[in-house]
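So the structure is just underneath, and the comments pick up after that.
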Amino acid sequence: MALINVASHEIHCKIVYYGTGFCGKTTNLQYIHSHAPRQSHGELLTIATESERTLFFDFLPLDLGTVNDFRVRFHLYTVPGQILYERTRLAVLNGVDGIVFVVDSQPEKLEENFQSLIELETNMRRLGNDLGDFPLVFQWNKRDVAGAVPVATLDRYLNRRRKQTFEAAAITGDGVFPTLRTICKNVMTRL
Amino acid sequence: MGSIGNMGNMGMENLTNIVVSEGELGNITRVLGRLTLDTGATHVLLLDKSGQLIATQGPAGQRDIIALGALLAGAFASSRHVAEILGERDFRSILQQGVNESIYTSLVGEQWLLVIVFDKQTHIGLVKVLARKATEELERVLERVRVGGRQAKEQVVNVQFRSSVENTIDLLFQD
């Protein structure tokens, strides 16, 4: 739920990176944190277990500065990917304005990706949203891994809504910023 | 997304945003200011359920308020799911107690969170009572914000604004 504060001249939007465990959601945020201009972001906040897996969420505030007299901020969140944390994912989705669905391109993960997408659809319905007209982009991540599932296959199985897609290798940063730019713009369009 | 998002087919675009006008922010600031004074709180925040900060009272720059807002909203959302699992109808407030400071967070009209950060000089009973009073006032503001939001939004978000934001996004987030 975007917040437009006319009095303090601020607009806040919330973007959530969703997907299975180890698909690269946190890696996306880490890359953005280390490569976006310093003045455009705050600190990356991570709530992780000792084994460095996301426990609750990661949080990265982006600040676009003042545009036409309004301060525009995007708050990026990740959800914990492990199946165990379904309720936590629902909690993080509260008030979301845009979603990046990060897909692990390894063949053995295809089914898990599919299940995660179904769960996302269910969670969004519980929050009163239909993914059909909601700002959502897919990131086909880990394209650098040998034996990655062909993009056409991922598209056929996961992207029946024909949303925009991006090939990525978040670990090297490939595709990270194109994904971010597009979801931010999609959110603005719907504002 | 709470009650606004659940309102169904009434034109999704506008109902997914909360627009706070200048006058209403003044009302909110007055309520928070009085609450700060009456409770002796170190900080009082009004958050959207999504974790975004609407207004704050307390010393500026002392704390990372934006991160605090995201974490408290997350903790609150999480506690509501705990309530569901326990079969409780709802947890409408949570109290986090520290040695020196404590935080009381309560729900305002299913959409906002009122957060009061207070030290050991303030009794929790007082915080709860005054939070309830402030909540009633804030609920009235929220109701007006819901009704008046559309017009206020159209003054801000127009084609030119969207295009400027898109240019800024392209400029900042380059490979």
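A compact table of results
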item	result
Those residues of the stretch B:30-68 which are away from chain A (no Cβ under 13 Å), touching a strand residue (DSSP E or B) at 6+ places or on another chain (Cβ under 8 Å) and among the small types (Gly, Ala, Ser), in sequence order	B:Gly33, B:Gly40, B:Ala41, B:Gly58
Among the residues listed as A:Leu93, A:Leu158, A:Leu110, A:Leu154, the single one being open to solvent by 40 Å² or more (accessible area, probe 1.4 Å), closer than 30 Å to A:His35 by Cα and in contact (Cβ under 8 Å) with a residue 24 or more places away in the chain	A:Leu110
Filtered residue count, the stretch B:69-90, keeping only those that are closer than 17 Å to B:Val117 by Cα and within 10 Å of chain A (Cβ to nearest Cβ)	7
Residue within the stretch B:35-45 that is free of Cβ contacts under 8 Å to residues at least 60 places away in the same chain, surrounded by 20 or more Cβ atoms within 10 Å (Cβ to Cβ) and in contact with a Gly (Cβ under 6 Å, 6 or more places away or on another chain) present	no
Failed item, numbered, when A:Tyr85 is tested on (1) modelled with pLDDT under 95; (2) surrounded by 21 or more Cβ atoms within 10 Å (Cβ to Cβ); (3) within 14 Å of another protein chain (Cβ to nearest Cβ)	(2)
Residue in the stretch A:177-191 that is nearest to B:Phe161 (Cα to Cα), counting only those that are more than 8 Å from every other protein chain (Cβ to nearest Cβ), touching a residue at least 60 places away in the same chain (Cβ under 8 Å) and open to solvent by less than 30 Å² (accessible area, probe 1.4 Å)	A:Val187
Number of the condition not met by A:Gly128 [criteria: (1) within 12 Å of chain B (Cβ to nearest Cβ); (2) open to solvent by 20 Å² or more (accessible area, probe 1.4 Å); (3) at negative phi; (4) not acidic (Asp, Glu)]	(3)
Some residue of the stretch B:56-65 being within 17 Å of A:Lys14 (Cβ to Cβ), touching a residue at least 40 places away in the same chain (Cβ under 8 Å), out of contact with any Pro (no Cβ under 7 Å at 6 or more places or on another chain) and part of a loop (DSSP other than H, G, I, E, B)	no
Qualifying residue in the stretch A:83-96 (condition: of a type in the set (D, E, K, R) and part of a strand (DSSP E or B))	no
Any chance B:Leu107 is of a type outside the set (D, E, K, R) and either crowded, with 16+ Cβ neighbours inside 10 Å or in a strand (DSSP E or B) (or both)	yes
Odd one out for A:Ile118, checked against (1) away from chain B (no Cβ under 14 Å); (2) open to solvent by 20 Å² or more (accessible area, probe 1.4 Å); (3) not in a helix (DSSP H, G or I)	(3)
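Residue-wise test of (1) within 26 Å of A:Leu127 (Cα to Cα); (2) within 16 Å of the chain's Cα centre (by Cα); (3) hydroxyl-bearing (Ser, Thr, Tyr).
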| residue | (1), (2), (3) |
| --- | --- |
| B:Leu25 | no, yes, no |
| B:Leu35 | no, yes, no |
| B:Gly40 | no, no, no |
| B:His43 | no, yes, no |
| B:Leu53 | yes, yes, no |
| B:Ile66 | yes, yes, no |
| B:Ala75 | yes, yes, no |
| B:Ala83 | yes, no, no |
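The values are calculated or read from the model by the stated rules, or taken from the named source; none is laboratory data. Keep in mind that what you see is a predicted model, and the values were worked out from it rather than measured. Here Cβ is always computed from backbone atoms with ideal geometry, including for glycine, and neighbour counts include all displayed protein chains. The area values use the complete protein model at the heavy-atom level, side chains included, leaving out ligands, DNA and RNA. Shrake-Rupley method; radii C 1.70, N 1.55, O 1.52, S 1.80 Å.
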